[in-house]
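The next block holds one structure in the form of structure tokens; read it before the comments.
The values are calculated or read from the model by the stated rules, or taken from the named source; none is laboratory data. It should be emphasised that the depicted structure is a prediction, and the values quoted were computed from it without experimental measurement. Glycine gets a Cβ as well: all are built from the backbone with ideal geometry, and neighbour counts include every protein chain shown.
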Amino acid sequence: MRLTAAARAICVVSAVLTLILPLPVLYEIVMDQLRHPPVWVFEMTGYAIIMIAFAASGYGLTTGHHFRINLLSHKFPKLEVPLAMLSALLELAFGVILLIAGWNQAYAAYSQDLRSDTLLQISQCWPELAFPIGGLAIILQSLAHVLMPDRDKVS
């Protein structure tokens, strides 16, 4: 399904960030040994980890690698599909809330020119974009679950 593919594409960004994340850390280790530690690595890798977590959230719903309780569907197998639909709708609602609230927060940081309290003084709108991106990934995957509940087995 195209929605799942779109959520997976957002997760690819997360995977690429995960693969390149050790490089600045290695750079920091080498430069620290040479007594010229960089000031940017800790802050930037922290922002990257946040982006990785939120960008991969939609894919986590696809694979089932998220917190879920399926006690009711095991006790009452006839309720499995309706419970899957309810779960998908709740995921969708959460994704919409995360998208809207995250966008509002990032836009407020941009309009107020909020910056980090570090030497880099990074504009906080950039790392805060992780929230609406994660919300979008969750929306895409939950829509796929709503449209095809039997195929994706949401629980």
Q) Are any residues in the range 106-120 of a type in the set (A, V, I, L, M), in a loop (DSSP other than H, G, I, E, B) and either in contact with a strand residue (DSSP E or B) (Cβ under 9 Å, 6 or more places away or on another chain) or modelled with pLDDT of 95 or more (or both), and if so, which ones? A) Leu114
Q.
Can you say whether Ser87 is at pLDDT below 90 and within 27 Å of Gly134 (Cα to Cα), as far as the supplied structure shows?
A. yes
**Q.** Test: residue in the range 58-80 that is closer than 30 Å to Ser116 by Cα and modelled with pLDDT of 95 or more
**A.** no
Q.
For the range 121-147: of the residues being among the polar types (S, T, N, Q) and part of a helix (DSSP H, G or I), which is farthest from the chain's Cα centre (by Cα)?
A. Ser142
Q) Residues Leu92, Leu86: which one is on the phi < 0 side of the Ramachandran plot, in a helix (DSSP H, G or I) and touching a residue at least 12 places away in the same chain (Cβ under 8 Å)? A) Leu92
Q: Could you pull out every one of the helices (runs of 4 or more DSSP H) wholly within the range 3-68 that has 2 or more residues that are of a type in the set (A, V, I, L, M), on the phi < 0 side of the Ramachandran plot and in contact with a Leu (Cβ under 8 Å, 6 or more places away or on another chain)?
A: 41-55
Q) How do the pairs read when you match residues in the range 29-48 that are closer than 27 Å to Ser14 by Cβ with residues anywhere that are of a type in the set (D, E, K, R), using Cβ under 7 Å and keeping only pairs 6 or more apart or on different chains? A) Pro38/Glu28; Val41/Glu28
**Q.** the range 95-113, residues that are surrounded by 15 or more Cβ atoms within 10 Å (Cβ to Cβ) and free of Cβ contacts under 8 Å to residues at least 24 places away in the same chain
**A.** Ala109, Tyr110
(Q) Quick check on my filter: what residues within the range 114-150 are hydroxyl-bearing (Ser, Thr, Tyr) and crowded, with 20+ Cβ neighbours inside 10 Å? (A) Ser142
Q: For residues that are within 28 Å of Ala56 (Cα to Cα), at pLDDT below 95 and over 22 Å from the mean Cα position of the chain (by Cα), scanning just the range 26-43, find the one that is surrounded by the most Cβ atoms within 10 Å (Cβ to Cβ).
A: Trp40
